[in-house]
């Protein structure tokens, strides 16, 4: 019963040797529940935050040509958008210079941050090449129900917070069932500014307050030289 997990962690060790193992040793991990449409961030086995998300409206799976969300263990392979503003539009993982407000009419690009996932199991081995991301969406009114084209969508404020707490190599588990019951993390010392004091539960109905004018342009900032698409 434990053999699949042993294989997963063996693969992680092989894929991220030497210096990268220091990041893999960090305790942050994520569980995403398709049934709850929620993402839970764990640290040292305790719950740090819970965010509403949106998985694929086409169901579950990892087949080529299908816009489905894969299940199982994955890991953070790349992080894109460190210095991008809230609402920054990405095309082929490059910031275009356009910035969108939440729920901009007729627009549904990838925005704000991209957390690119790599599958660790046979059931999700195509995730990286299928460009399965955790990313921001301007269509925040759809968060909390399946609405994506395979990726995990989040509100801009939520994906920014998650992005800052997940190292490269962090484990991501996508499950079909409900989130497990996990105790909240204890309050952090006051000497650690910028980190949440207690476990945070984010509502799917809150409006994004820091977004800028729809269609506004700023100087494009190339963040990654690569191609592909996700949703």
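Select from region 85-99 the residues that are out of contact with any helix residue (DSSP H, G or I) (no Cβ under 9 Å at 6 or more places or on another chain) and part of a loop (DSSP other than H, G, I, E, B) and list them in ascending order.
Residues satisfying the conditions are 85, 92, 93.
Select from region 82-115 the residues that are closer than 19 Å to residue 150 by Cβ and buried (at least 24 other Cβ atoms within 10 Å of the Cβ) and write down the one among them that is farthest from the chain's Cα centre (by Cα).
90
Taking residue 102 as the residue in question, decide whether it is in contact with a helix residue (DSSP H, G or I) (Cβ under 8 Å, 6 or more places away or on another chain), over 20 Å from residue 68 (Cβ atoms) and touching a residue at least 12 places away in the same chain (Cβ under 8 Å).
So residue 102 passes the test.
If you scan region 149-174, which residues turn out to be farther than 25 Å from residue 123 by Cα and in contact with a helix residue (DSSP H, G or I) (Cβ under 8 Å, 6 or more places away or on another chain)?
If the condition is that a residue be farther than 25 Å from residue 123 by Cα and in contact with a helix residue (DSSP H, G or I) (Cβ under 8 Å, 6 or more places away or on another chain), then 155, 156 are the ones that fit.
Coordinate-derived values only; no laboratory data. Only a predicted model underlies this, so the values are computations on that prediction, with no experimental measurement involved. Don't worry about glycine lacking a Cβ; one is built from the backbone with ideal geometry, like all the others, and counts go over all protein chains shown.
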